[in-house]
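For reference, the structure discussed in these notes is given below.
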Amino acid sequence: EEEEEEEGDLVLVIPPFATPEYLNDKADTIVLSFEDGNGARLVREGAPDETTVQDCPWKRMVAESKSEKSIDENHNKTTAANFLSHLNEHVPSFVTSTVAELQSQCAMDVSKLQADHVCYRTDSIEQYTSLVEALVSSADVFTLLVESEIGGRPIATFKLAAQIEIKSADGDHSIDVIEIPSPKEGSPYKAGLEHVEFVIGDGTHKSPMNDEAHKTVLNAWTERYSSVSWNVKALDKQCNPDVSTKLELCDYGKVSIKFHLIPLEDVIAFEAGQSD
């Protein structure tokens, strides 16, 4: 039969053994462990209460497991808190510097455009895995919108519980979506903020699927700022095509600025609906 102890431990009690070697009054225990890290024990009926035995391997195993779990949870909470602090400190200056340099270097005014999301690069698959795991475990602050493989590497996108407000003389923006790609093999990057994306158009485009309407708006944008060195490779993307350019920022090095018609969060919702 099964008995539930006060702490929720699983104990399987078996009848007394009838052989002479098991007729003494010592407790006989078999410790079981499972793939999920939980444990159980088989105890001979009538044996002394093993909870009083300080040197019980089963109790040690449970205590060690709880300790390791507590350490992992604390590590994840600390990692998530530090990352949020980093975003709150750097995203405003990153976006503000980008907006100012677009105006200064390209005579491009994006002050009234929606700042869709920012991208934070990780420098190794280990850092990516650790960071994503920590953010997923902090669901009260970060909501995982999607994690999928794009270009042969995983990319996770999170929504913040609270927007990061960005106020400057060049216009106010707010960011609450963070894209986190793992590094491509053979293409090392320094960890940190890498790009920001803006939404252009009149807001009437609802589908992210590439069509003439997307190309017309994007081509008009590049023609409007014809002196800018544009990357138009992503104009042919099947979903949410974009155009981009790069700028050198004092505190962040070379960064990318992308322009598209549909916010990333809406694209993710659209693709989720297509797969249902």
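Read-outs: derived from the displayed coordinates by stated rules, not from any lab. The structure presented is a predicted model; accordingly, all values stated were derived computationally and were not measured. Note: ideal-geometry Cβ built from the backbone for every residue, glycine included; neighbour counts use all protein chains shown.
Worth pointing out:
- Take each peptide in 132-139, 145-152, 265-272, 249-256, count the other Cβ atoms within 10 Å of every residue, and average; sorted highest first, the result is 132-139, 265-272, 249-256, 145-152.
- Contour excess over end-to-end distance, with Cα ends at HIS86 and GLN103 and 0.36 nm allotted per residue: 3.5 nm
- Among ALA161, HIS173, VAL132 - extreme Cα towards positive end, dipole of segment 127-191, charges at beta-carbon: VAL132
- Subtracting the Cα-Cα distance of GLU149 and ASP172 from their residue separation scaled by 0.36 nm leaves 5.0 nm.
- Available extension along the chain between LYS206 and ASP266 is 20.7 nm, counting 0.36 nm per residue and deducting the alpha carbon span.
- Shape annotation for segment 107-204: C-alpha extents along the principal axes are 39, 33, 28 Å, from largest to smallest.
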